[in-house]
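In what follows, a structure is listed as structure tokens, so that the remarks can point back to it.
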Amino acid sequence: MAKIISGKELSAKLKADMAAQVAEFPEKYGRVPHLVVILVGDNPASVSYVTGKAKASETVGIKNTTIRKPETISEEELLSLIRALNEDDSVDGILVQLPLPKHISESKVIETISKAKDVDGFHPLNVAALWQKEDCVLPCTPKGIIKMLKAAGVGINGKRAVVIGRSNIVGLPVAKLLLDENATVTIAHSRTENLAELTRQAEILVVAIGRPKFVTADMVSEGTVVIDVGVNRDAETGKLCGDVDYAEVEPKASVITPVPGGVGPMTICCLMENTIECFLAKH
Ligand code: NAP
């Protein structure tokens with residue numbers, strides 16, 4: 001039986017600690033942190049993520065403004081809105097919910113958000129700082145994964161870690177954070193040959209692919225620490241599931257994260273932490 005890391009429980013504890021910290025801000029700094037979330041269009045998954053972020057803000061005591069714009073908003077209109085928020089001293093964090101409609105360049109949007117208000121940690125200057133080991137806003141999902149490993153008492157130092165997925169928002173930064181914790185890291189992707197042979201060597205396996213139940217029992221060794229980042233719909237049941245076949249893999253793993261209730265809540269929790277960090281950096 002694997003130890004299950006509940007991101008739901010861990011994030012609830014961390015959010016309670018943050019709420020106590022934020023409660024002192026009005027007296028210390030005259031106000032609470034302010035996070036602005038921009039949602040373009042009405043993609044149901046995006047609406048649900050934005051709602052989750054607003055709820056978490058409320059729990060922590062962070063002011064949350066969600067700005068909803070129609071799918072037809074022009075790129076320039078969106079960039080102007082971001083520029084205005086960059087200039088607004090009452091705003092500490094800006095997040096534009098991705099994905100965006102095809103006519104809007106995501107990279108232009110990310111580059112337009114001020115580095116100091118980039119609570120997602122996606123701005124090229126924050127990415128560069130991460131790879132240079134300088135102070136930066138860390139991307140929420142990778143940051144949350146390291147917190148989960150530490151909270152579960154998983155030693156990362158010197159361990160063989162395999163990350164499946166090389167996206168800018170999960171795979172690459174989580175590999176870098178594991179490297180910074182002195183793991184020996186291999187990054188796998190869709191062109192990796194003999195993937196199962198590789199993943200069986202992992203002591204820590206992070207899976208961020210976006211394919212339901214992709215990682216099966218034959219791909220992991222006994223005692224592996226398994227972090228499942230994927231959020232997918234199971235075609236048969238219609239329920240949320242991860243990239244890992246949980247029922248098959250859990251008995252072999254020493255530690256595992258569930259989906260839902262694993263990495264997802266920690267991502268939102270780290271967004272709250274990043275908003276507080278951006279606020280404190282200004283004060
Ligand atoms: P992404 O940008 O689509 O990247 C997927 C990665 O998986 C790519 O690097 C791709 O390789 C690799 N891949 C795809 N098929 C593969 C295969 N058969 N074998 C090996 N590698 C394969 O996705 P993402 O944004 O990183 O997200 C990954 C998953 O995590 C999604 O389910 C997403 O919803 C979820 N997610 C969850 C959270 C959370 O908070 N829980 C946050 C972010 C993302 P190539 O580079 O070769 O194409």
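The values are calculated or read from the model by the stated rules, or taken from the named source; none is laboratory data. Owing to the predicted nature of the structure, the values given are computational and were not obtained by experimental measurement. Cβ placement follows ideal geometry from the backbone for every residue including glycine, while neighbour counts extend to all protein chains displayed. Note: areas computed on protein heavy atoms with side chains; ligands, DNA, RNA excluded. Shrake-Rupley method; radii C 1.70, N 1.55, O 1.52, S 1.80 Å.
The residue list Glu273, Glu248, Glu222 contains one member that is of a type in the set (D, E, K, R) and in a loop (DSSP other than H, G, I, E, B), which is Glu222.
For region 164-191, residues that are within 11 Å of the ligand (Cβ to nearest atom) and of a type in the set (Ser, Thr, Tyr) total 2. Can you name every residue in region 251-270 that is charged (D, E, K, R) and either within 20 Å of the chain's Cα centre (by Cα) or assigned to a helix (DSSP H, G or I) (or both)? None; the set is empty.
Can we say Ala161 is within 15 Å of Met219 (Cα to Cα), away from the ligand (no atom under 13 Å from the Cβ) and not in a loop (DSSP other than H, G, I, E, B)? In short, yes. Of all residues in region 166-194, those that are within 12 Å of Lys143 (Cα to Cα) and in the same structural domain as Gly153 (by TED's automatic domain parsing) have Cβ atoms under 7 Å from Cβ atoms of residues that are in a helix (DSSP H, G or I) and among the aromatic types (Phe, Trp, Tyr), 6 or more apart or on another chain, in Lys176/Trp131.
For region 197-227, a residue qualifies if it is away from the ligand (no atom under 15 Å from the Cβ), under 28 Å from Gly121 (Cα atoms) and over 20 Å from the mean Cα position of the chain (by Cα), and exactly one does: Glu203. Count of region 205-223 residues, restricted to those that are hydroxyl-bearing (Ser, Thr, Tyr) and buried (at least 24 other Cβ atoms within 10 Å of the Cβ), is 0. Condition check: at positive phi, within 16 Å of the ligand (Cβ to nearest atom) and either open to solvent by 50 Å² or more (accessible area, probe 1.4 Å) or in contact with a Phe, Trp or Tyr (Cβ under 6 Å, 6 or more places away or on another chain) (or both). Does Asn194 satisfy that? Against the criterion (at positive phi, within 16 Å of the ligand (Cβ to nearest atom) and either open to solvent by 50 Å² or more (accessible area, probe 1.4 Å) or in contact with a Phe, Trp or Tyr (Cβ under 6 Å, 6 or more places away or on another chain) (or both)), Asn194 qualifies. Scanning region 159-183 for residues that are open to solvent by less than 50 Å² (accessible area, probe 1.4 Å) and in contact with a strand residue (DSSP E or B) (Cβ under 9 Å, 6 or more places away or on another chain) yields a total of 12. Taking region 1-112 and the strands (runs of 3 or more DSSP E) fully enclosed by it, the elements with 1 or more residues that are open to solvent by 30 Å² or more (accessible area, probe 1.4 Å) are at 63-69. Residue pairs whose Cβ atoms lie under 6 Å apart, sitting 6 or more positions apart in sequence or on different chains, and linking a residue in region 124-145 that is in contact (Cβ under 8 Å) with a residue 60 or more places away in the chain to a partner that is more than 11 Å from the ligand (Cβ to nearest atom) and in a helix (DSSP H, G or I), are Val137/Asn126; Val137/Asn274. The residues of region 129-158 that are outside any loop (DSSP other than H, G, I, E, B), away from the ligand (no atom under 14 Å from the Cβ) and either open to solvent by 50 Å² or more (accessible area, probe 1.4 Å) or modelled with pLDDT under 95 (or both), listed by number, are Trp131, Lys150, Ala151.
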